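Please read the structure below before turning to the comments.
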Amino acid sequence: MKHLSVAGRRIELDKDGYLTTLADWSEPVAEALAQQEQLTLSAEHWQILRLLRAFYAEFQLSPANRPLIKYVALKLGPEKGNSLHLNLLFKGAPAKLAAKLAGLPKPTNCL
Amino acid sequence: MSKSLLIINRQSPWSGPSAREALDIALAGGAFDLPLGMLFLDDGVFQLAPAQQPSALQQKDLGANLQALPLFGVESLYASARSLQERGLEQQTLTLAAEVLEDAALIALIDRYDQVITL
Amino acid sequence: MATLHVLSHSPFSDSRLSSCLRLLGPADGLLLCGDAVYALQPGTAQRQALDLMPTAIGLFALDEDLCARALAAPTRIQVVDYPGFVELSCRFDKVNSWL
């Protein structure tokens, strides 16, 4: 079983590295998850992660790339809500990677 | 040009996997930018009823999921006027902005789509 | 675009047949298979509803399912075998399966 250690706590991960228990998420957990992906979270990343958590709270599902882009454009404007910006931030796989770092389930309709 | 698909969604959210499967088809198709429509028919209109509490049955919140359809590019949403009326549901209380259509308009709607599937 | 509607559930246990009959367009067809062929049971409201459908609407039933249930189709209904089912699926612009 994969896991992370954050501030002395053991955080279980599934085989793809997503949190097993969504309630385990915290900002330090996000930092640790990002570190595993060789990523350092900037303010730009955090803005998207917070938005993604709001998306999940509202719709109870993780968005695929296209709806993610649409939602970011809707909330933060088209200069943030475009595939180039999101691909650069999240290594070309924004829906999958951002969902992982935001502590959401893996997007099911992301083929 | 992709073929258009109308998904006819006619089961209650609580009767089994059909309602969720219909939604999954819509979300997957929407992610590929297919021109999609969804029609709520028969007990399917109960998916649009307000104030449902899926947590009481330890189920996922289908109603919340349905709200994401427009973000997934599924903006053509319809409900059968007859099904609503038979079940005592009123258009203004529905949780999605679906266009309410009489049977004659539904026949024309089905005719217009390239492909149709009923769950 | 004409639609072939395919029903396979018993009309005595749910509303697929009655909803489908209301939504048939003037050039559409209806194929009964599986337990949906019970709609042809004589003396029932379902059979009567089928008998009253406009003649322009093609009504079909799958032979194997009729035989298995000892049902006879009235002349209004065209009985088809599986190759006939395939031919029908190609003849119409689209097929709507009522799952």
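The values are calculated or read from the model by the stated rules, or taken from the named source; none is laboratory data. Quantities reported herein were computed from a predicted structural model and do not represent experimental measurements. Positions of Cβ are generated from backbone atoms using ideal geometry, with glycine treated the same way; all protein chains shown enter the neighbour counts. These area figures cover heavy atoms from the full protein model, side chains too; ligands, DNA and RNA do not enter into them. Shrake-Rupley method; radii C 1.70, N 1.55, O 1.52, S 1.80 Å.
Tabulated data for the structure shown
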| item | result |
| --- | --- |
| Average beta carbon contacts from partner chains per residue of A:59-72, 10 Å cutoff | 5 |
| C-alpha center-to-center spacing [segment A:23-73, segment B:44-119] in angstrom | 30 |
| Relative contact order computed over chain C (Cα-Cα under 8 Å; 6+ residues apart), in percent | 37 |
| Shape category assigned to the protein assembly as shown from the gyration tensor of Cα positions, a/c cut at 1.5 | prolate |
| Total accessible surface hidden between A and B, rounded to 100 Å², 1.4 Å probe | 1300 |
| Violating pairs (Cα-Cα greater than 28 angstrom) within the set A:LYS2/A:LYS70; A:LYS75/A:LYS96; B:LYS60/C:LYS94 | A:LYS2/A:LYS70; B:LYS60/C:LYS94 |
| Spatially proximal aspartates and glutamates relative to A:LYS80 (Cα-Cα < 13 Å; intrachain offsets below 8 disregarded) | A:GLU44 |
| Cα-Cα P(r), segment B:11-76, percent of pairs per 10 Å interval | 21, 55, 23, 1 |
| Cα gyration tensor of segment C:1-75 - equivalent ellipsoid semi-axes, whole Å, descending | 18, 13, 12 |
| Under Karplus coefficients 6.51, -1.76 and 1.60, residue-wise ³J(HN,Hα) of segment C:84-99 in Hz, glycine/proline x | x, 4, 5, 4, 4, 4, 7, 5, 8, 5, 7, 10, 10, 8, 8, 6 |
| Cut-off 18 Å (backbone N to label point 7 Å along Cα→Cβ of C:PHE12), residues of segment C:55-75 | C:65-74 |
| Partner chain coverage, peptide B:18-28 - average Cβ within 10 angstrom | 2 |
